[in-house]
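Participant: Have a look at this one.
Each reported figure results from applying straightforward, stated rules to the coordinates on display, with no laboratory input. Everything quoted here is computed from the prediction, not taken from an experiment. FYI the Cβ positions are ideal-geometry reconstructions off the backbone, even for glycines, and counts take in every protein chain you see.
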Amino acid sequence: MSRRRTAKKRTVMPDPLYKSSLLELLVRQVMRNGKKLLAYRIMYESMNKIAEITKKDPLVILEQAIRNTTPLIEVKARRVGGSTYQVPIEVLPERGTTLAIRWILTACRNNHGKPMSVILTNELIDASNKAGNAVKKKDEIHRMAEANKAFAKQRF
């Protein structure tokens, strides 16, 4: 992390098939060991299955899933004196989207036994319907922030 100046935000080029930068962000998080073609195949299979199951545009389902799992507030550890407080802070939109993508993929990776595209399809459909493990994680974070609302004055 540079101490001189903040790093410039790089723009993400949209993916070639759907022309969506959100889908490209998801592909980059799905990717392991630099295998981007495999990540594209997993995502496109998942998008096709979403379209097949819901009979709707898969991009709309994806955006709804990300929107439903994006947190508005999170807790951050803040040390004051000798004790550590969990201080609730607001989440910037970019970080919220990143957290939502991370939680969806973590929920998928914790589920074993099926191919990744099937698990991802189910998780995205569940998240768009405000269900699933990623939405539970968001609700848990919101509950923690609500419980520690008294420490909001300790904010930096």
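Participant: Answer rounded, prolate or oblate for the range 54-97, using the Cα gyration tensor with square roots of eigenvalues a ≥ b ≥ c: rounded when a/c is under 1.5, else prolate when a/b is larger than b/c, else oblate.
Facilitator: The shape class here is prolate.
Participant: Another question about this same structure. From the backbone phi of the range 52-61, what are the Karplus-calculated ³J(HN,Hα) couplings (6.51 cos²θ - 1.76 cosθ + 1.60, θ = phi - 60°) in whole Hz, Gly and Pro given as x?
Facilitator: 5, 6, 8, 6, 10, 5, x, 5, 5, 5
Participant: For labels at Arg3 and Ser21 in the simple 7 Å Cα→Cβ model, what's the distance in nm?
Facilitator: Taking the two extended label points, one gets 3.2 nm.
Participant: Output the 0 to 90 degree angle, nearest 10, between the alpha-carbon long axis of helix 133-147 and the longest principal axis computed from the alpha carbons of the chain.
Facilitator: 10 degrees
Participant: Would you mind ranking Lys8, Lys76 by Cβ crowding within 10 Å, fewest neighbours first?
Facilitator: Listing Lys8, Lys76 from fewest to most nearby Cβ atoms yields Lys8, Lys76.
Participant: List the pair-distance distribution P(r) of the range 4-156, using every Cα-Cα distance, as the percent of pairs falling in each 10 Å bin from 0 up to the bin containing the longest distance, rounded to whole percents.
Facilitator: 10, 35, 30, 17, 7, 1
Participant: Pairing the Cα long axis of helix 93-109 with the longest principal axis of the chain, what angle in degrees results, from 0 to 90 and rounded to the nearest 10?
Facilitator: 60 degrees
Participant: Next question. Measuring from a point 7 Å past the Cα of Arg10 along Cα-to-C-beta, which residues in the range 25-45 have an amide N at less than 16 Å?
Facilitator: 25-36
Participant: So which of Lys49/Lys130; Lys114/Lys137; Lys76/Lys137; Lys8/Lys56; Lys36/Lys130 end up more than 25 Å apart, counting from Cα to Cα?
Facilitator: Pairs exceeding the cut-off: Lys8/Lys56; Lys36/Lys130.
Participant: I need the calculated FRET efficiency for the pair Lys149 and Val60, taking r as the beta carbon distance and R₀ as 30 Å, to the nearest 0.05.
Facilitator: Between Lys149 and Val60 the formula returns 0.30.
Participant: Nearest 500 deg cm²/dmol is fine: what mean residue ellipticity at 222 nm does the chain get from its DSSP H runs of n ≥ 4 alone, each adding -39,500 (n - 2.57), divided by its residue count?
Facilitator: Values: 6 runs with 86 residues, N = 156.
-18000 deg cm²/dmol, from helical runs alone.
Participant: Here's a follow-up. Hey, can you rank 61-74, 116-129, 26-39 by average C-beta count inside 10 Å, highest first?
Facilitator: Most protected by this proxy first, the peptides run 116-129, 61-74, 26-39.
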